[in-house]
1. Based on the Kirkwood radius over alpha-carbon pairs, what is the Stokes-Einstein translational diffusion coefficient of segment 55-99 at 20 °C with 1.002 mPa s viscosity, in µm²/s?
2. Return the lysines within reach of K137: Cα separation strictly under 26 angstrom, same-chain partners fewer than 8 residues apart disregarded; answer none if there are no such residues.
3. Please compute P(r) over all alpha-carbon pairs of segment 77-187, binned at 10 Å starting from zero, and give each bin as a whole-number percent.
4. Please name which of L48, M148, I65 has its Cα lying farthest along the dipole of the chain towards the positive end, using unit charges on Cβ (Lys, Arg +1; Asp, Glu -1) and the Cα centre as origin.
5. May I ask you to give the percent of accessible area on the chain that is carbon plus sulfur, with a probe radius of 1.4 Å?
6. Taking each full run of DSSP H in the chain as one helix, which ones are at least 18 Å long along their axis (Cα atoms) and have mean Kyte-Doolittle hydropathy of at least 0.0?
7. Find the accessible area per residue for segment 1-133; the probe is 1.4 Å, ligands and nucleic acids are left out, and the unit is Å².
8. Hand me the trypsin sites (Lys or Arg not before Pro) from segment 77-132 located in a DSSP loop with no more than 14 other Cβ atoms within 10 Å, in residue order please.
Amino acid sequence: TDDAGRLRQVQRWYETDIRGVREWRDEAEQAYRYRDGDQWSEEDRAKLRAELRPCITMNEIAAVIETVAGSEINAREEITLKPREESDSAGAEAGTMLLEHVRDACDAEDEESEAFRDLLTAGLGCIEVYVDPESMKAKQRRVDPFEMIWPKARLGRNLNDSPRLMRVRELDREGAEARFPNAGPGD
């Protein structure tokens, strides 16, 4: 079927793209450890323990990240919609009010700040905007950057030159079957 062909294509893209992203993931995992104060190699730790010396870390990385993240919060500007023509003023104002309401209702600024910390730490910060199927309200949340996959050759600003971006999450079988009721067991 056409769906089976699309699934095989997505699987091929995944297999190709994940190889290129693994290098970034290794570096990003190390960056998060450093940010979180885990800056000693195991052999250095073992050597210090053998010498009965403490592993003391002066975490300047976290301080710099928090300083820049704080600057982002303090310099944040309001999002407003601007009319293209004078007759669009009322619509732009209504759109701005709606946007503010949606952003306030889903703590958008907090989610954006967390994604910005990811960007500062590992070079990639992601946000998801979606409609919650239960409440039917617009929501926004930070996406774990380790769920994202892109073609390695695409390194433009914001990955905007990428022909595709994939978000891959592990689901248990029950969750996958509920989400994709028509998929076969091998899918």
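1. D = 156 µm²/s.
2. K82
3. 11, 28, 33, 22, 6, 1
4. With unit charges placed on the Cβ atoms, the residue in question is L48.
5. Working: 7000 of 13950 Å².
Looking at the chain in its full context, I get 50 percent from C and S.
6. Those that pass (Cα extent of 18 Å or more, hydropathy at least 0.0) are 60-74, 89-105.
7. Working: 9660 Å² over 133 residues.
Normalised by residue count, the accessible surface of segment 1-133 is 73 Å².
8. R84
The values are calculated or read from the model by the stated rules, or taken from the named source; none is laboratory data. Everything quoted here is computed from the prediction, not taken from an experiment. Note: ideal-geometry Cβ built from the backbone for every residue, glycine included; neighbour counts use all protein chains shown. Keep in mind that these areas ignore ligands, DNA and RNA; they rest on the heavy atoms of the full protein, side chains included. Shrake-Rupley method; radii C 1.70, N 1.55, O 1.52, S 1.80 Å.
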